[in-house]
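Read-outs throughout are calculated quantities, based only on the coordinates presented, and are distinct from any laboratory measurement. Every value quoted in this text rests on a predicted model; they were computed, and no experiment measured them. Ideal geometry is used to build each Cβ from the backbone, glycine not excepted, and the neighbour counts take in all protein chains shown.
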Amino acid sequence: MEIVRKRSRFIDGARSVLGTVVLGLFAVGFAGCSDDDDDGIDPPVGYDAEPILRQAAHGVIFATYEDLRFAAADLNGAIAVLRVGPSETTLAAARSAWRAARVPWEQSEGFLFGPVSDEGLDPAIDSWPVNETDLNAVLASGEELDQELIDGLGDELKGFHTLEYLLFGLDSQKPISAFTAREFEYLGACAADLSNKTERLAESWDPKGENFGRFLIAPGDDNPRYASQASAMQELLEGMVTIADEVANGKIDGPLSEQDVTLEESRFSRNSIADFQDNIRSIQNLFLGRYDGNDGPGFDEFVRANDPGLEARVKTEIQAAIDAIGAIPAPFTTAIFEAPQAVAAAQIAVRTLQDTIDRDVRPVLADLSR
Amino acid sequence: MSRRRRRAHAAFYALIVGLLAIGCGHDGPTDPPSDPGPTVPLAGGAATVFNATSSAYTLPAPNLAAGSLDRHFAGDAAFEAAYVTAPAVVQSGLGPAFNETSCAGCHVRNGRGRESMLFRISAPGRDAVSGGPMPLPGFGGQLQQRAVFGAAPEARIEVDWLYIDRLYDDGSPYSMRWPTYRAQGITRPIPSSRLLSPRVGPPVFGLGLIEAISEETLLELAARPDTSGDGVSGRVNYVWDVERQERVIGRFGWKASEPDLVQQSAHAFQEDMGVTSPIFPRESTADQPEYDDSLPDDPEISRETVELAAFYLQTLGVPARRKVDDPQVRAGEQLFAQAGCVACHVARIVTGAHPTVSEMSHQVIHPYSDFLLHDMGAALDDGRNDFDANPSEWRTPPLWGVGLLETVNGHVELMHDGRARGFLEAIVWHGGEAEAAKQRVLGMSQSERLALVAFLRSL
């Protein structure tokens with residue numbers, strides 16, 4: 001989602017940890033004046049993070065995108081069924097398929113780097129807000145609503161939120177009788193486009209092809225993306241911090257602090273609570289190196305080797321954030337007015353997790369020397 | 001979508017920078033700053049960030065005061081916001097004609113655009129008041145390649161590449177590609193006298209430091225004698241300040257045609273996105289009746305929104321160099337100097353007092369630019385004057401952070417139109433004042449060229 005109003009709590013938070021990190025910082029600071037120093041950090045031991053990076057690239061990221069691609073294909077199919085036989089039943093099935101596709105997408109937002117960004121796929125899949133004025137004009141026009149038309153339209157007229165707007169309506173109560181033939185046509189073209197985009201995304205990480213994961217897995221001087229395992233691991237860490245920040249200080253804070261439902265990202269579907277939880281699960285998957293039962297080496301293993309207490313704390317805080325978001329009385333749309341304390345508590349839980357990863361896990365990466 | 005890092009580990013890195021300064025005997029804030037030396041990777045002084053990931057261009061300067069950091073994050077939202085067609089509840093005012101829907105749409109991850117190139121267009125001559133390019137009747141000053149639904153884009157430009165194979169002096173081959181542009185789907189005939197200039201969105205970090213360089217420093221850089229005998233002689237561009245209604249020194253853009261970041265941002269909102277502000281309250285297509293949406297909604301955004309977006313640009317940090325002590329990198333750095341590249345790609349500048357963002361003031365920076373106009377030769381001549389910039393003159397782009405371009409954006413397409421596919425191709429496009437330096441690079445051995453690239457990748 002695009003709009004955020006955020007406040008930074010970092011400076012306050014930093015003071016509390018100042019004492020614990022200041023000695024390390026002296027070492028770091030002086031290292032900058034001396035020799036062979038890539039990132040202003042002096043690496044001690046030779047931990048090999050390759051298994052973690054491999055599991056992240058193949059076991060988590062590619063696997064998530066595979067699920068996304070299949071879920072988007074299912075959504076495309078459900079919308080085809082809806083078009084052929086519009087009824088409250090087929091509409092409910094299409095809405096479920098939209099929510100189901102939303103799960104792997106939100107679980108992918110902890111790693112919005114690589115092809116999803118380089119190839120402009122993120123904006124094409126998840127732009128917000130919907131350009132309602134143009135969408136209504138497209139529907140009112142005589143244009144053929146096919147892939148070619150979709151290709152020529154802006155990102156704010158396609159992807160998840162355009163589908164959401166059409167499937168659920170402004171009040172999320174849109175009855176089947178309110179759908180027009182043109183809307184069905186547009187839904188079909190839009191769902192096909194989403195399916196194509198997610199297929200491309202999965203392909204771009206497929207270990208069988210020229211996949212982006214190879215950059216993450218094998219850093220080095222000849223690697224155009226990552227010169228060291230430390231920077232590849234940092235890429236994953238930035239991904240986790242970024243989505244925690246986005247949930248706490250963007251997706252939750254915007255609507256909450258402005259008391260404005262129009263700033264809520266998945267307002268039409270009332271899916272925001274699930275969205276936010278899946279965003280945190282994205283962090284959980286990367287941290288644990290685990291996706292859908294496939295459990296491999298993750299950040300947890302590396303952090304545990306350095307600081308077992310920290311590993312346990314991150315895991316606890318991840319679960320606490322998921323639980324706190326789940327404790328918001330649904331839907332989020334009304335909770336910002338009726339249960340702002342619960343929303344604020346979720347926000348604090350996510351910020352706590354963000355600060356822990358940003359402030360406490362980050363320095364551990366300095367121990368990577370490869 | 002397109003989310004980028006909003007909150008840096010600011011205090012953490014501020015401490016690192018502070019400690020680096022202590023460790024290296026840096027001066028106090030009131031003393032004249034001294035250069036901490038080439039082996040310290042502080043490209044942006046106290047505004048340097050330590051990050052070699054795809055987020056490297058998106059981090060706030062670590063020396064921002066708490067209030068500045070909050071405003072930076074608010075500015076990030078303004079920079080990222082996608083605008084939609086009016087009327088709309090949020091982010092209303094896109095178009096009617098436009099090139100992109102958000103700032104971040106061209107400046108992906110604050111880095112370089114690839115396919116999102118725009119085209120300036122003008123008629124021959126100079127505007128009598130501003131001294132700038134003459135708007136082309138029926139098109140204005142920029143070709144908008146997209147439009148809201150129901151309106152036609154002004155044109156769509158297709159690019160054709162001509163590939164050229166050449167040899168370095170040692171016989172090794174290299175290839176170049178030369179772009180030519182064709183206008184498709186034009187709404188009205190474009191006069192053959194039109195002047196057209198392509199512009200790729202440049203990286204947007206470190207701009208507050210550039211804004212903090214004093215006019216005296218820029219004029220001193222322009223007055224440097226040509227000690228090398230290469231014929232290098234930079235000039236400042238004098239451009240129009242729309243609010244002060246006078247000609248001032250230009251700093252930003254490929255031809256240094258914008259005086260400051262607020263005007264630059266307001267202009268981009270207006271021309272690139274079709275979003276009007278109090279600084280540019282008329283749609284760029286106001287004289288083209290086919291784009292009249294009859295909505296009395298101008299200005300579509302407030303001055304505060306423009307200033308927030310500008311503040312975000314003013315307060316982004318500059319990535320630290322990496323591998324500064326690697327022998328190959330050091331050899332490349334020497335070759336870069338010996339070839340004469342540093343005559344324009346100036347390695348060290350001390351900023352002056354920034355008018356509004358004190359964190360950018362009095363910093364020792366390593367931008368590898370003099371921010372002046374230089375004649376770049378016939379191959380880069382775009383045939384179009386831009387204020388005082390002649391068609392073959394371009395502003396030296398800063399090279400800081402360029403070594404992370406592929407990490408951030410997944411490509412290394414350089415120059416104003418992305419024609420160069422890598423550092424060496426970018427060098428061989430240089431001509432004019434840079435001809436002698438280029439000839440020295442063409443005469444290098446393979447290992448010397450690799451060292452030169454290793455140096456550039458360390459930036």
Out of segment A:162-245, which trypsin sites (Lys or Arg not before Pro) are coil in DSSP terms and have no more than 15 other C-beta atoms within 10 Å?
A:208
Order of A:58, B:107 under a 10 Å beta carbon neighbour criterion, fewest first:
A:58, B:107
Could you go through segment B:319-328 in sequence order and give the Karplus-derived ³J(HN,Hα) for each residue, using 6.51 cos²θ - 1.76 cosθ + 1.60 with θ = phi - 60°, rounded to whole Hz, and x for Gly and Pro?
x, 5, 5, 10, 6, 5, 9, 5, x, 5
The size of the Cβ-based charge dipole (Lys, Arg +1; Asp, Glu -1) of segment A:264-370 about the Cα centre, to the nearest 20 debye, is 60
Can you give the average number of partner chain beta-carbon atoms within 10 Å of each beta-carbon in peptide A:149-158, as a whole number?
4
Take every residue in peptide A:224-232, count the Cβ atoms of other chains within 10 Å of its Cβ, and give the average of those counts.
5
Candidate span helices, chain A: DSSP H, at least 30 Å along axis from Cα coords, Kyte-Doolittle average at least -1.0, result A:63-84, A:181-205
Using Cβ counts within 10 Å as a stand-in for footprinting exposure, how do B:291, B:181 rank, fewest first?
B:181, B:291
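Treating only the Cβ atoms of Lys and Arg (+1) and Asp and Glu (-1) as charged, compute the dipole magnitude of segment A:105-146 about its Cα centre; round to the nearest 20 debye.
Values: 0 positive and 11 negative charges, 19 e Å.
Roughly 100 debye for segment A:105-146.
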Cα gyration tensor of the protein assembly as shown, axes a ≥ b ≥ c as square roots of the eigenvalues: rounded (a/c below 1.5), prolate (a/b > b/c) or oblate?
oblate
Using 29 Å as the Cα-Cα cut-off, could you pick out the over-long pairs in A:197/A:251; A:174/A:197; A:174/A:315; A:158/B:255; A:174/A:251; A:197/B:323?
A:174/A:315; A:158/B:255; A:197/B:323
Have a look at B:82, A:159, A:257 and report the one farthest towards the positive end of the charge dipole of the protein assembly as shown, computed about the Cα centre with Cβ charges (Lys/Arg +1, Asp/Glu -1).
A:257
Counting other C-beta atoms within 10 Å, which of A:145, A:167, B:219 has the fewest, and how do the rest follow?
B:219, A:145, A:167
Taking the Cβ of residue A:114 as the centre, find all other residues whose Cβ is under 10 Å away and add up their charges (Lys, Arg: +1; Asp, Glu: -1).
-2
Cβ neighbours within 10 Å from other chains - mean over B:95-106
2
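Per residue of the protein assembly as shown, what 222 nm ellipticity follows from adding -39500 (n - 2.57) for every DSSP H run with n ≥ 4, rounded to the nearest 500? Working shown, then result.
Values: 30 runs with 339 residues, N = 829.
So the helix-based figure for the protein assembly as shown works out to -12500 deg cm²/dmol.
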Only Lys, Arg, Asp and Glu count, each charged at its Cβ (+1, +1, -1, -1), so figure out the dipole size of the protein assembly as shown about its Cα centre, rounded to 20 debye.
440
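Does segment B:123-192 classify as rounded, prolate or oblate by the C-alpha gyration tensor (a ≥ b ≥ c root eigenvalues; a/c under 1.5 gives rounded; else a/b over b/c gives prolate, otherwise oblate)? Don't skip to the end; give the middle numbers.
On the way: a/c = 3.67, a/b = 1.77, b/c = 2.08.
Since a/c reaches 1.5 but b/c is at least a/b, the shape of segment B:123-192 is classed as oblate.
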